[in-house]
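Colleague: Structure incoming, see below.
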Amino acid sequence: MKKGYKGFYAFNDPMGAPDSKAGITGHFEVRLGVYQNSYSRNSHVACFDVLYVGPSRAIENLEKAVKQEFDWSIERDGRGHSEWISGWTTKMLETEIDKIIDGYKFKVQKVPKKFLPLTVDNVKDMYAWLEEN
Amino acid sequence: MATMTLVAKQARKNKAKPYNKKQAIVSFIKKFKHPFEMKDDSIDLREMAKNFNDGPIPVENIHQAIVTVLGPQYHKLTFNYDPSGGNYLGYAAGKRPKEYFDYIDWNQLYLWTIFQRDVAPNHVEKIYKDFDESSVIVPCIIKITLTDGRVVYCVWDGHHTIQVCRLKGYTKFQAWVIDLDQFTTAEIEDAGFGDTDEERIKFGCFIAGTNMRRINGLNKRPLAPYDDFMIGLETRDPKFVAMNNILAQYGCMPRRHADRDGSWTQIKSGIECFDLEGAQGPSVGAFWSRAIAFQRNHWKKGHLVLEIYRPMAYLYAWASVQGASLPATFDAELAKMLSKRWGDAESVQEGIKESYWNAVNSQTIVGEQPQHDKFRVLNGIINFYKQSGGKAILPAPTCQWKV
């Protein structure tokens, strides 16, 4: 991962609810590993459906802005719950996040579709792209 | 996948749902058409009032909101208690209640220093100058029968108010009275005091002193700048109305927390910017208005960032005082430079401050080091603009570093 960079990710509920989980990390493999813990790879491969990368500060500020925007849709607090945005699929969420980034002028890059969904299998390809950009 | 879903749902059915504060709040809010923020330190009553045609809210609705935030341990506490003398807790039939409202003569009033603070004449004068009969808060008094049989009414809260009222000619004083004579011996003994007249008086002092500290210290909630501003605004304070008009012009509004687009939260700093003076005297918000426009015209979303609008207001003020004219194109040029370098407005001020501290730590800063963030960022903006090739003539920075 590029030094001083982090990623803001979102993914759909793998069980099929129309909800998304959003969060930030500087360690993609570790985070994907955590999300893989509850499932056999034969049922579901942990992934990020949308991903934005940028300097840590910009990504942290983006997370604050998104959590603020969707506060009413984050229906529970507490560990494991406070990142679930109810009633918003990742596709719906992506449009709103793009608007937020444009309005705030966050200095972040959207990871191209060819690396999505991001899994442990293609994370290194994404890193290589990021280093070049 | 379908099997997994069924199993998960069955497991949930068998368990009682644990309390979750956020979920309880969201569920409570859903009963209302217009949502409002509910946090430990504030329930947004102005937003809540929109559910009541922007008029008075029944306190029962607010009460339900409070116990929702406080949690289930408070849900079943409410019972019926009428303190007006009818259904009175601990009230013995045929006796007066222990507490009641009364009017007391001037010559019956005393101050016992055991449970009162010193008096401040300048505070008396301050209240006197702003006095209005309709704003007198009822002082609190304890009625004590001394061992020599004299009855004295000792003030334990509101002494300054009483002194001001006397200056205004009052001869009788409204008071909330605790009547020590109405306490039973058992009640006094339960509180750890003995069965003598002296012990009864000590018990009275204990009640008065404890209550005085409760009201003036332990449980005092100072008026937050946000509440002060909103009450001033809604009761038509001309300065706050002018400030609100400036905010509204740029889609901004005063808020307790920076929780929505356009939120302005730093009330005192906003007033400081509004009051800045230029070459022609008080700016009456002109520099503050331009500083808000600077942020909102370029960064369309987000709350107002203190260390963007405040240093910019100072920049315009400095320029005015020094006779420099900053063209409108300067604002757009500078904002573009800043966002190109750091992106969002928060990152801009954080980035400038970071560069300042890096220069301090590496001892590459020249000039006097500012003691306040507003001047660190202001100097950073001036340095950055010049280093980025900006053409407008800006006031000279008081210190220089490579931003």
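The values are calculated or read from the model by the stated rules, or taken from the named source; none is laboratory data. As the structure is a computational prediction, the values presented were derived from the model and not from experiment. All Cβ positions, glycine included, derive from the backbone under ideal geometry; neighbour counts span all protein chains shown.
Colleague: Modelled with pLDDT of 90 or more and either assigned to a helix (DSSP H, G or I) or not hydrophobic (A, V, I, L, M, F, W, C) (or both): does that describe B:Gln10?
Modeller: No; evaluated as a whole, the condition is false for this residue.
Per-residue answers, yes or no, for (1) under 25 Å from A:Lys105 (Cβ atoms); (2) free of Cβ contacts under 8 Å to residues at least 12 places away in the same chain:
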| residue | (1), (2) |
| --- | --- |
| B:Ser339 | yes, no |
| B:Glu354 | yes, yes |
| B:Lys374 | yes, no |
| B:Leu394 | yes, no |
| B:Gln400 | no, no |
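Colleague: Could we say that A:Asp71 is of a type in the set (Asp, Glu) and loosely packed, with under 15 Cβ neighbours inside 10 Å here?
Modeller: Taking the combined requirement at face value, the residue does not satisfy it.
Colleague: Being over 25 Å from the mean Cα position of the chain (by Cα) and within 14 Å of another protein chain (Cβ to nearest Cβ) is the filter here; which residues of the range B:297-333 pass it?
Modeller: B:Asn297, B:His298, B:Trp299, B:Lys300, B:Lys301, B:Ala332
Colleague: Also, I was wondering about something else. Please find, among B:Lys300, B:Lys374, the residue that is touching a Pro at 6+ places or on another chain (Cβ under 6 Å) and under 30 Å from B:Gly251 (Cα atoms).
Modeller: Working: B:Lys300 fails: touching a Pro at 6+ places or on another chain (Cβ under 6 Å).
Residue meeting the stated conditions: B:Lys374.
Colleague: Would you mind stating whether B:Gly281 is over 27 Å from the mean Cα position of the chain (by Cα) and within 19 Å of B:Lys386 (Cβ to Cβ)?
Modeller: The answer is no for B:Gly281.
Colleague: With the requirement that a residue be part of a loop (DSSP other than H, G, I, E, B) and either outside the structural domain of B:Tyr316 (by TED's automatic domain parsing) or modelled with pLDDT of 95 or more (or both), what does the range B:371-388 give you?
Modeller: Step one: of the range B:371-388, the residues part of a loop (DSSP other than H, G, I, E, B) are B:371-372, B:388.
Residues satisfying the conditions are B:His372, B:Ser388.
Colleague: Given the range A:22-133, what helices (runs of 4 or more DSSP H) lie entirely inside it while holding 1 or more residues that are within 8 Å of chain B (Cβ to nearest Cβ) and on the phi < 0 side of the Ramachandran plot?
Modeller: It comes to A:56-69, A:90-104.
Colleague: Going residue by residue through the range B:211-225, is there one that turns out to be among the polar types (S, T, N, Q) and not in a helix (DSSP H, G or I)?
Modeller: First, the residues of the range B:211-225 that are among the polar types (S, T, N, Q): B:211, B:216, B:219.
Next, only the ones that are not in a helix (DSSP H, G or I) stay: B:219.
Yes, some residue in the range B:211-225 is among the polar types (S, T, N, Q) and not in a helix (DSSP H, G or I).
Colleague: Within the range A:116-133, is even one residue closer than 29 Å to B:Gly251 by Cα and exposed (fewer than 15 other Cβ atoms within 10 Å of the Cβ)?
Modeller: Looking through the range A:116-133, none of the residues is closer than 29 Å to B:Gly251 by Cα and exposed (fewer than 15 other Cβ atoms within 10 Å of the Cβ).
Colleague: Check B:Gln322, B:Gln349 and return the single one that is of a type outside the set (Val, Ile, Thr) and modelled with pLDDT under 95. First the steps, then the outcome.
Modeller: Working: B:Gln349 fails: modelled with pLDDT under 95.
On inspection, the qualifying residue turns out to be B:Gln322.
Colleague: Of all residues being basic (Lys, Arg) and part of a helix (DSSP H, G or I) in the range B:294-316, which is farthest from A:Lys105 (Cα to Cα)? Just the residue, please. Steps first, answer last, please.
Modeller: Narrowing the range B:294-316 to residues basic (Lys, Arg): B:296, B:300-301, B:310.
Narrowing further to those that are part of a helix (DSSP H, G or I): B:296, B:310.
Details: B:Arg296: 12, B:Arg310: 20 Å.
Restricting to residues being basic (Lys, Arg) and part of a helix (DSSP H, G or I), the top hit is B:Arg310.
Colleague: Show the residue pairs that are 6+ apart or on different chains and have beta-carbon atoms under 6 Å apart, the first residue being within the range B:206-221 and assigned by TED's automatic domain parsing to the domain that holds B:Leu111, the second being modelled with pLDDT under 90.
Modeller: Every condition considered, the pairs that remain are B:Ala208/B:Phe115; B:Gly209/B:Phe115; B:Met212/B:Phe115.
Colleague: Just to be sure, is A:Lys99 at pLDDT 95 or above and under 24 Å from B:Lys300 (Cβ atoms)?
Modeller: On the way: at pLDDT 95 or above: yes; under 24 Å from B:Lys300 (Cβ atoms): yes.
Against the criterion (at pLDDT 95 or above and under 24 Å from B:Lys300 (Cβ atoms)), A:Lys99 qualifies.
Colleague: Please specify each residue of the range B:319-341 satisfying the condition of being in contact with a strand residue (DSSP E or B) (Cβ under 9 Å, 6 or more places away or on another chain) and crowded, with 16+ Cβ neighbours inside 10 Å.
Modeller: Those that are in contact with a strand residue (DSSP E or B) (Cβ under 9 Å, 6 or more places away or on another chain) and crowded, with 16+ Cβ neighbours inside 10 Å: B:Ala319, B:Ser320.
Colleague: Of all residues in the range B:247-296 being more than 14 Å from chain A (Cβ to nearest Cβ) and of a type in the set (S, T, N, Q), which is farthest from B:Glu47 (Cα to Cα)?
Modeller: Among residues in the range B:247-296 that are more than 14 Å from chain A (Cβ to nearest Cβ) and of a type in the set (S, T, N, Q), the one farthest from B:Glu47 (Cα to Cα) is B:Gln280.
Here is a yes/no grid of residues against (1) surrounded by 13 or more Cβ atoms within 10 Å (Cβ to Cβ); (2) in contact (Cβ under 8 Å) with a residue 24 or more places away in the chain; (3) not hydrophobic (A, V, I, L, M, F, W, C):
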{"residue": "B:Val155", "(1), (2), (3)": "yes, yes, no"}
{"residue": "B:Trp176", "(1), (2), (3)": "yes, yes, no"}
{"residue": "B:Asp190", "(1), (2), (3)": "no, no, yes"}
{"residue": "B:Thr196", "(1), (2), (3)": "no, no, yes"}
{"residue": "B:Gly204", "(1), (2), (3)": "yes, yes, yes"}
